[in-house]
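To start, the structure itself, in structure tokens.
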There are 2 protein chains.
Amino acid sequence: MLPPQKKSSGAEIEELIALLAKLPGLGPRSARRAALHLIKKREQLLLPLARALGVAADKIAICKECGNIDTQQPCAICADAGRDASTICVVEEVGDLWALERAAIVRSRYHVLGGTLSPLDGRGPDDLFLVKLMERARQPGVNEIILALNATVEGQSTAHYIAAELEGLPLKVTRLARGVPIGGELDYLDEGTLAAAIKLRQPI
Amino acid sequence: MLPPQKKSSGAEIEELIALLAKLPGLGPRSARRAALHLIKKREQLLLPLARALGVAADKIAICKECGNIDTQQPCAICADAGRDASTICVVEEVGDLWALERAAIVRSRYHVLGGTLSPLDGRGPDDLFLVKLMERARQPGVNEIILALNATVEGQSTAHYIAAELEGLPLKVTRLARGVPIGGELDYLDEGTLAAAIKLRQPI
């Protein structure tokens with residue numbers, strides 16, 4: 001009888017593929033391609049990536065002030081004296097902060113909640129970075145909180161919860177404008193967006 | 001005058017994103033998502049992946065016998081006494097070897113060329129792992145070479161080149177059955193097609 005056929009690639013390679021497959025955007029097949037690509041580009045890619053991950057693991061931490069991730073504590077944004085400290089822009093995730101920074105429109109500080117309230121998934125106020133937000137909102141000099149949360153049901157119910165919590169503080173609480181996205185074509189937009197754009201129409 | 005706006009994420013995070021974006025299947029946007037995912041899942045994903053890449057860099061090498069990649073030298077397939085040593089299955093890339101191993105149809109040894117001949121791209125015979133293949137093909141006991149190259153123009157012209165080189169040796173030279181769709185690449189085919197193509201291999 002023949003012995004059972006051995007695996008073609010070592011356990012170490014399988015392990016690497018399995019880990020790569022856990023990255024968002026990569027499935028089992030693309031993870032195999034990525035692993036092969038890494039092994040082939042040992043000097044240019046594999047070693048630098050291993051190093052970069054090691055550095056990330058060692059150095060990157062969550063900012064105790066705002067929930068952003070950075071290699072310094074507090075993060076570069078909280079530490080930047082050139083930022084407008086009177087406004088706090090509240091976002092769900094670090095990815096949202098990055099998106100706003102790419103737009104280079106927010107000159108204030110941020111606060112990263114780390115998600116949204118979701119009773120169905122068992123995520124309550126204690127699971128978000130909310131206590132710190134309340135503390136920051138009470139600091140003298142803060143006069144506006146922008147709730148830049150996603151325009152989803154969960155994002156908006158979280159925004160309403162936070163707005164209610166902030167009530168009574170001498171603050172302006174705002175949210176992102178609703179409407180047609182720049183470059184958007186009416187024919188491709190959903191009814192909700194169109195309804196909001198009509199309802200909130202602005203003088204030209 | 002305001003100082004220039006600082007980057008929101010540290011240079012280390014940007015570096016990690018840039019490296020991830022070089023992986024096949026990930027673009028700049030998905031690389032950002034992947035980096036964020038890694039940083040969030042420090043213990044479950046970031047550290048294990050950094051370790052796995054380190055292990056891969058340390059241990060994985062190209063088999064001097066067949067061009068496969070493995071953590072042992074010679075690779076597990078070359079070292080496997082249960083494998084049929086009379087046949088050598090020639091493939092372009094390690095990914096093709098993996099695809100054939102997943103189909104579990106090849107019980108022989110392999111030979112990984114590391115690409116195809118491509119005069120337009122300046123890849124000649126010396127750029128492939130061909131000298132070793134000729135040496136292996138001359139070893140006593142070897143009686144068949146399966147040219148399991150992609151059914152692309154380059155794969156097939158490479159197959160013809162190798163078949164010409166092998167002429168005169170007491171060998172059967174075969175190629176995959178025409179069950180592989182024209183233009184198809186092994187790594188993308190289903191196991192059934194691969195199995196049929198191996199089973200119905202034809203003299204060249």
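The values are calculated or read from the model by the stated rules, or taken from the named source; none is laboratory data. Remember, it's a predicted structure, so these values are computed and weren't measured experimentally. Every residue, glycine as well, gets a Cβ built from its backbone with ideal geometry; the counts of neighbours run over all protein chains shown. The accessibility values were calculated without ligands, DNA or RNA, using every heavy atom of the protein model including side chains. Shrake-Rupley method; radii C 1.70, N 1.55, O 1.52, S 1.80 Å.
Helix B:94-103 axis versus longest C-alpha principal axis of chain B: approximately 70°, rounded to the nearest ten.
For segment B:87-204, the solvent-accessible area works out to 45 Å² per residue, with a probe of 1.4 Å and every protein chain left in place.
Helix B:11-20 and the long axis of chain B differ in direction by around 30°, with both axes built from C-alpha atoms.
Other residues within the sphere of radius under 14 Å centred on the Cβ of B:Tyr188, judged by their own Cβ, net out at -3 (K and R +1, D and E -1).
Using a probe of 1.4 angstrom and keeping all protein chains present, the accessible surface of segment B:11-59 works out to 48 square angstrom per residue. State the percentage of accessible surface on chain B attributable to carbon and sulfur atoms; use a 1.4 Å probe and exclude ligands, DNA and RNA. The C+S portion of the solvent-accessible surface of chain B is 55 percent.
Grouping the Cα pair distances of segment B:24-140 into 5 Å bins from zero gives a pair-distance distribution of 2, 10, 14, 17, 15, 13, 12, 9, 5, 2, 1, 0 percent in increasing distance order. For chain B, the pair-distance distribution built from all alpha carbon pairs, in bins 10 Å wide starting at 0, is 8, 28, 28, 19, 11, 4, 2, 1, 0 percent. Working from Cα pairs under 8 Å separated by at least six residues, relative contact order for segment B:133-204 is 35 percent.
Taking every alpha-carbon pair under 8 Å whose residues sit at least 6 apart, chain A reaches a relative contact order of 13 percent.
Between the exposed loop cleavage positions of chain A, defined as GluC sites (Glu not before Pro) in a non-H, G, I, E, B DSSP state with at most 10 neighbouring beta-carbon atoms within 10 angstrom, the longest gap is A:1-166.
Rounded to the nearest 500, what is chain A's calculated 222 nm mean residue ellipticity when only DSSP H runs of at least 4 contribute -39500 (n - 2.57) each, over all residues? The per-residue figure over chain A is -11500 deg cm²/dmol.
By the equivalent-ellipsoid construction on the alpha carbon gyration tensor, the protein assembly as shown comes out with semi-axes of 57, 23, 19 Å, ordered largest to smallest. Along the Cα-to-Cβ line of A:Thr174, 7 Å from the Cα, sits a label point; which residues in segment A:49-65 have backbone N less than 16 Å from it? Once the point is set 7 Å along Cα→Cβ of A:Thr174, nothing inside segment A:49-65 turns out to lie under 16 Å by backbone N. A cut-off under 14 angstrom between Cβ atoms defines the neighbours of A:Lys172, and their net charge, with Lys, Arg +1 and Asp, Glu -1, is -2.
Beta-bridge orientation, segment A:69-175: approximately 5 percent antiparallel, per DSSP, counting only bridges with both partners inside. A DSSP coil position with no more than 16 other Cβ atoms inside 10 Å describes the following trypsin sites (Lys or Arg not before Pro) in segment B:112-204: B:Arg138, B:Arg178. With a cut-off of 15 Å between beta carbons, the residues surrounding A:Pro119 carry a summed charge of -3, where Lys and Arg count +1 and Asp and Glu -1.
With 32 Å as the limit on Cα-Cα distance, the pairs of B:Lys59/B:Lys199; B:Lys22/B:Lys199; B:Lys22/B:Lys172; A:Lys64/A:Lys199; A:Lys40/B:Lys40; A:Lys22/B:Lys132 that go past it are B:Lys59/B:Lys199; B:Lys22/B:Lys199; B:Lys22/B:Lys172; A:Lys64/A:Lys199; A:Lys22/B:Lys132. Chain B packed on chain A takes about 5700 Å² of accessible surface away from a 1.4 Å probe, both sides summed.
Segment B:Lys22..B:Glu191, full-extension length gain: 58.0 nm, with 0.36 nm per residue of separation and the alpha-carbon distance subtracted. Considering all different alpha carbon pairs of segment B:11-59, the Kirkwood hydrodynamic radius works out to 11.2 Å. Ordering A:Arg42, A:Arg109 by accessible surface, largest first, gives A:Arg42, A:Arg109; the 1.4 Å probe counts only protein heavy atoms, with every chain in place. Once the Cα atoms of helix B:47-59 and of chain B are each reduced to a long axis, what angle between those two axes, in degrees from 0 to 90 to the nearest 10, is obtained? With rounding to tens, the tilt is 40 degrees.
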